[in-house]
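Here is the structure we will look at.
The values are calculated or read from the model by the stated rules, or taken from the named source; none is laboratory data. Quantities reported herein were computed from a predicted structural model and do not represent experimental measurements. When we count neighbours, we look across all protein chains shown, and the Cβ atoms used for this are built from the backbone with ideal geometry, even at glycine.
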Amino acid sequence: MISVEEAFRLVAEHVGPLEKVVTELSQAVGMTLAVDVKADRDSPPWRKSVMDGFAVGAEDVGEGKKLQIIETVTAGNAPTKIVGPGQATRIMTGAPMPEGADSVAMIERCKVDQDSGVVAIDLNSIRPGQHVLGQKANFAEGEVIYRSGHRIRDIDIGLLAEIGAAQVEIFRRPTAAVLPTGDELVDVSQMPTGPQIRNSNGPMLVAMLTSRGVQTLDLGIGRDSRDDLLAKIKRGLESDLLILSGGVSAGTLDLVPEALADCGVEAVFHKVKMKPGKPVFFGVHVRDDGRRGYVFGLPGNPVSSLVGFRLLVSHALNRMAGSPDMVKPSMPLLAISKEHSTRGDRPTFWPARRCTTEAGQAVEPLDWKGSSDLNTLGQAEGMIEFPTPGKTYQQGERLPFWPL
């Protein structure tokens with residue numbers, strides 16, 4: 001049995017980025033850039049007005065002084081006249097500034113005589129550079145906007161569009177297959193009878209994968225039969241990632257490790273010193289064409305399965321997406337809201353939610369009843385990592401918090 005840190009290290013050692021592909025910008029959300037993306041022009045490419053008003057020389061504005069309006073410039077059009085002494089250009093937001101003008105007076109602070117074509121400007125409303133955005137103020141041509149390894153968010157799309165990144169080079173979106181196992185499982189649409197239970201792990205794992213943009217195949221329920229497991233595992237190994245739940249402990253019908261070995265999966269580790277999730281399995285499968293696939297066998301208890309996914313499967317997905325190498329992801333340290341004791345001989349990951357105490361923001365360990373307690377997990381925002389087993393932690397101690 002290995003430590004959590006060793007499990008992270010082994011996943012990082014064996015899982016690398018997928019191949020690079022080019023995709024349309026509209027399909028890139030959630031994917032990771034495989035190359036640096038640079039600006040193809042200055043932003044803004046010229047001095048521009050950020051207000052509707054009048055472009056003037058600030059020193060030309062005086063008490064009782066009126067300026068002659070020489071032209072109107074709108075966004076998308078360029079000025080044709082230089083603003084000289086005693087002159088002003090009517091300008092709209094986003095329009096290029098004319099030569100000779102260094103400021104923009106807001107339209108609300110101006111009085112326009114339409115008949116004479118002159119404008120009087122409130123002296124107290126203007127100063128040099130006011131309401132003008134300089135060329136390159138946002139970024140310059142050739143500047144790196146996002147570096148390789150950046151995961152593209154929806155809010156990044158506008159900026160990528162601004163720099164003309166109609167297509168982006170990313171690490172390929174992974175594929176995955178999900179196989180919950182056990183004769184006790186029935187479909188979520190059925191009413192269990194006797195010792196049966198509904199298949200909750202399968203839908204949960206599929207949802208966690210698809211929410212990360214992973215193309216996911218639901219293999220259905222794998223029965224505790226060697227032939228059935230082998231057939232479904234072989235199909236699942238066609239994906240980049242195969243995730244099984246159940247059948248990885250030490251029971252009579254825990255057939256998964258043996259079935260994986262029969263399918264050519266090489267075990268990297270089996271059993272990690274953590275609670276819940278101890279029986280977790282990780283292995284590598286090399287296809288006939290030389291491409292590598294990765295396999296995780298997660299425990300059948302729902303919370304154990306979720307913790308295994310949140311820690312180790314997520315780590316593998318980040319690696320496949322080209323995230324920087326790391327031994328173990330760094331989580332924020334947050335204070336616990338009350339005293340909490342752990343039992344056993346393994347580090348514990350305990351469901352928790354954020355709260356406010358007299359000392360400020362904290363996290364509250366929930367009244368969790370064990371690995372099968374999905375109800376309490378449904379109230380959680382994350383997991384507190386209690387690294388030292390058999391210890392009483394005091395209120396206010398700061399511990400790693402793993403958001404769900």
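Quick check on residue 93: is it among the polar types (S, T, N, Q), over 25 Å from residue 40 (Cβ atoms) and either out of contact with any helix residue (DSSP H, G or I) (no Cβ under 6 Å at 6 or more places or on another chain) or in a loop (DSSP other than H, G, I, E, B) (or both)? I'd like the intermediate steps shown before the answer.
Numbers: among the polar types (S, T, N, Q): yes; over 25 Å from residue 40 (Cβ atoms): no; either out of contact with any helix residue (DSSP H, G or I) (no Cβ under 6 Å at 6 or more places or on another chain) or in a loop (DSSP other than H, G, I, E, B) (or both): yes.
For residue 93, the condition - among the polar types (S, T, N, Q), over 25 Å from residue 40 (Cβ atoms) and either out of contact with any helix residue (DSSP H, G or I) (no Cβ under 6 Å at 6 or more places or on another chain) or in a loop (DSSP other than H, G, I, E, B) (or both) - is not met.
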Does residue 253 satisfy being more than 31 Å from the chain's Cα centre (by Cα) and either modelled with pLDDT under 90 or under 17 Å from residue 293 (Cα atoms) (or both)? yes
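Within the range 271-289, work out how many residues are over 22 Å from residue 350 (Cα atoms) and in contact with an Asp or Glu (Cβ under 9 Å, 6 or more places away or on another chain).
Here is the first cut: in the range 271-289, the ones over 22 Å from residue 350 (Cα atoms) are 282-289.
Okay, now just the ones that are also in contact with an Asp or Glu (Cβ under 9 Å, 6 or more places away or on another chain), so 283-287.
Residues in the range 271-289 being over 22 Å from residue 350 (Cα atoms) and in contact with an Asp or Glu (Cβ under 9 Å, 6 or more places away or on another chain): 5 in total.
Anything in the range 358-386 that is part of a loop (DSSP other than H, G, I, E, B), touching a helix residue (DSSP H, G or I) at 6+ places or on another chain (Cβ under 9 Å) and touching a residue at least 12 places away in the same chain (Cβ under 8 Å)? List them, or say none. Please lay out each step first, then the result.
Initially, the range 358-386 is screened for residues part of a loop (DSSP other than H, G, I, E, B), giving 358-359, 366-373, 378-381.
Cutting the leftovers down to touching a helix residue (DSSP H, G or I) at 6+ places or on another chain (Cβ under 9 Å) gives us 366-373.
Correct list: 366, 368, 370, 371, 372, 373.
Going by the structure shown, is residue 54 in a strand (DSSP E or B) and aromatic (Phe, Trp, Tyr)? Give the steps one after another, and end with the answer.
Numbers: in a strand (DSSP E or B): yes; aromatic (Phe, Trp, Tyr): yes.
Taking the combined requirement at face value, the residue satisfies it.
Determine whether the range 148-159 contains at least one residue that is in contact with a Pro (Cβ under 9 Å, 6 or more places away or on another chain), surrounded by fewer than 20 Cβ atoms within 10 Å (Cβ to Cβ) and either touching a residue at least 60 places away in the same chain (Cβ under 8 Å) or within 30 Å of residue 33 (Cα to Cα) (or both).
So the first thing to find is which residues in the range 148-159 are in contact with a Pro (Cβ under 9 Å, 6 or more places away or on another chain), and the list is 149.
Keeping just the survivors that are surrounded by fewer than 20 Cβ atoms within 10 Å (Cβ to Cβ) gives 149.
When the remaining residues are screened for being either touching a residue at least 60 places away in the same chain (Cβ under 8 Å) or within 30 Å of residue 33 (Cα to Cα) (or both), the result is 149.
Yes, the range 148-159 contains at least one residue that is in contact with a Pro (Cβ under 9 Å, 6 or more places away or on another chain), surrounded by fewer than 20 Cβ atoms within 10 Å (Cβ to Cβ) and either touching a residue at least 60 places away in the same chain (Cβ under 8 Å) or within 30 Å of residue 33 (Cα to Cα) (or both).
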Within the set of pairs 6+ apart or on separate chains, which have a first residue in the range 110-130 that is at negative phi and in the same structural domain as residue 56 (by TED's automatic domain parsing), a second that is surrounded by fewer than 13 Cβ atoms within 10 Å (Cβ to Cβ) and assigned to a loop (DSSP other than H, G, I, E, B), and C-beta atoms under 7 Å apart? 123/62; 123/63
Taking the stated definitions as given, is residue 303 in the same structural domain as residue 203 (by TED's automatic domain parsing) and touching a Pro at 6+ places or on another chain (Cβ under 9 Å)? yes
For the range 22-64, give me each residue that is modelled with pLDDT of 95 or more and of a type in the set (Val, Ile, Thr). 22, 23, 35, 37, 50, 56
Go through 11, 22, 15, 61 for me and flag whichever is over 30 Å from residue 402 (Cα atoms), surrounded by 13 or more Cβ atoms within 10 Å (Cβ to Cβ) and touching a strand residue (DSSP E or B) at 6+ places or on another chain (Cβ under 9 Å). 61
